[in-house]
Amino acid sequence: MALQNDFLPFATGGSANVLTQAQYAALISSVIANGFSSGVAQSAQLNKVWRQSSIMAAVLAQFAADYSGQNSTDDGTTATLEANLVTAIRSATKTSVILADTGAANAYTAVNVPPLTSGTWVDGVVQQVKIAHANTGASTYAPDGLTAIPIYGLGLQPLQGGELALNGTAVLMRLTIAGVNSGNPICVLMECAGGAQQVAPATQSQHAMQLGQATGRLLNVQVITSSGTYTPTTGTNSVVVEAVGGGGGSGGVPATSSTQSGISGQGAPGAYAKARYTSGFSGVSVTIGAGGTAGTTSTAGGTGGTTSFGALLTCPGGGGSPFGSVSATQNNASGGASPSAPSGSGILYTQILQVNGAIQASTNIVAGLFAIASTMPGSSRGQGANGVFVASSSAAAPGVAGTGGAVVVWEYA
């Protein structure tokens, strides 16, 4: 239902008996200032005065009704009308104009109605612009054909890209701040939905940090299992390197008679080390030690290859186990030899392990064939090979190859 407005404009018809605006403006200043003198009233003059006041009263009353949702009733009181007008003003100011982005990426423009001028485009003016072109770097804003000024973030630095997101609404405030942009005007980007937000450097415990202040955070983890060149992730300032040499292979076992069985021991795991570096790590050559070769039916297992991270860190491979033997009774088979200790700089921790080998208690009863865990925590890289068992009346069997080494690089800002 339409809202009621009792305040009606007076003398608004096309043939109304009123002075023209030019005639009214031409009245002597004393009439405008002091009102009409006593005597015979001139209806056209009075109608003009009444129309001017009634039109504005009608406009205000209609505004109050439209934005308060209440009738503007002429009941001779003012309290309700005043309350409705206050409500209407508050309601109207909640709805702000969102301008269309009519510029290009990094060079934003918009059209205001009425347009801003050099006299009205002043500090404190806020513009809301629906972004049609995401920014890729430093950006400017030029409303209504005025001179473009740079857009800065809340950290009072030029934009870098990604702050003005496509279809986001950018809230821009014109400001002039001493020491910023050489004291020339800027637009401060207060916010833009979907865009990155710039902040000032954090100086207290509960401040938001700039990304550049968050030093020491983990950026990435690179797991390297083949030889090549290490290229750090952008922003890496220090690394923790874990490396393990290749695991040793196991030896083969000869054929057995009906009263014999045979065994060979396990290969030894490669040497492991963890080290930290703050320089000299970018672009180093990485060598991954191969797993030791499997012994043939007549040879021992091979030694694992050496893993290195440039000249900074070296981890030797584990030894291969000897060629196995057969027996009709008790029999022991040695495991591969432990590798040499890791070497290099910045080393925080190392580990090498000795394997115990396998045992045959009697024909076809054996234990200790399985390889021990890798020296690299949480990984099977660099693990030695399992030992080999050959049952009675069986052909000779080859050994098992060891597992290749690895380098894991933890990259920190």
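The values are calculated or read from the model by the stated rules, or taken from the named source; none is laboratory data. In this text the structure is predicted, and so the values were computed from the model without any measurement. Backbone-built Cβ (ideal geometry, glycine too); neighbour counts: all protein chains shown.
Mind checking whether some residue in segment 146-155 is among the aliphatic types (A, V, I, L, M), in contact with a Pro (Cβ under 8 Å, 6 or more places away or on another chain), in the same structural domain as N106 (by TED's automatic domain parsing) and at pLDDT 95 or above? Within segment 146-155, one or more residues are among the aliphatic types (A, V, I, L, M), in contact with a Pro (Cβ under 8 Å, 6 or more places away or on another chain), in the same structural domain as N106 (by TED's automatic domain parsing) and at pLDDT 95 or above.
From S226, S250, which residue is over 16 Å from S338 (Cα atoms) and in the same structural domain as S340 (by TED's automatic domain parsing)?
Only one candidate passes the filter, namely S226.
If you filter segment 179-199 down to residues that are in a loop (DSSP other than H, G, I, E, B) and closer than 12 Å to Q157 by Cα, you find that the one that is modelled with the lowest pLDDT is V199.
Against the condition under 30 Å from I365 (Cβ atoms) and either part of a strand (DSSP E or B) or under 30 Å from the mean Cα position of the chain (by Cα) (or both), how does G235 come out, does it pass? For G235, the condition - under 30 Å from I365 (Cβ atoms) and either part of a strand (DSSP E or B) or under 30 Å from the mean Cα position of the chain (by Cα) (or both) - is not met. Of all residues in segment 212-236, those that are free of Cβ contacts under 8 Å to residues at least 60 places away in the same chain have Cβ atoms under 7 Å from Cβ atoms of residues that are part of a strand (DSSP E or B) and exposed (fewer than 13 other Cβ atoms within 10 Å of the Cβ), 6 or more apart or on another chain, in T229/S285. Looking at segment 66-80, is at least one residue at pLDDT 90 or above and among the hydrophobic types (A, V, I, L, M, F, W, C)? Yes, there is a match, as at least one residue in segment 66-80 is at pLDDT 90 or above and among the hydrophobic types (A, V, I, L, M, F, W, C). Residue count for segment 354-388, restricted to those that are surrounded by fewer than 20 Cβ atoms within 10 Å (Cβ to Cβ), touching a Gly at 6+ places or on another chain (Cβ under 7 Å) and not in a loop (DSSP other than H, G, I, E, B): 1. The set of residues from segment 200-229 being surrounded by 12 or more Cβ atoms within 10 Å (Cβ to Cβ), within 16 Å of the chain's Cα centre (by Cα) and assigned to a strand (DSSP E or B) comprises L219, N220. Residues in segment 92-130 that are of a type in the set (K, R) and surrounded by fewer than 13 Cβ atoms within 10 Å (Cβ to Cβ): K94 alone.
The condition of being in contact with a Ser or Thr (Cβ under 8 Å, 6 or more places away or on another chain), surrounded by fewer than 17 Cβ atoms within 10 Å (Cβ to Cβ) and of a type in the set (S, T, Y) holds for only one of T73, T20, that being T73. Considering only segment 191-227, state which residues are at negative phi and of a type in the set (G, A, S). Across segment 191-227, the qualifying residues are A193, G195, A196, A200, A202, S205, A208, G212, A214, S226, S227.
Could you tell me how many of the residues in segment 182-194 are surrounded by fewer than 16 Cβ atoms within 10 Å (Cβ to Cβ) and not hydroxyl-bearing (S, T, Y)?
Applying the first criterion (surrounded by fewer than 16 Cβ atoms within 10 Å (Cβ to Cβ)) to segment 182-194 yields 182-184, 190-191, 193-194.
Add one more test, that the residue is not hydroxyl-bearing (S, T, Y), and what stays is 183-184, 190-191, 193-194.
Final tally of qualifying residues: 6.
Would segment 151-170 turn up any residue that is more than 26 Å from G183 (Cβ to Cβ) and in a strand (DSSP E or B)? Scanning segment 151-170, I find at least one residue that is more than 26 Å from G183 (Cβ to Cβ) and in a strand (DSSP E or B), so the answer is yes.
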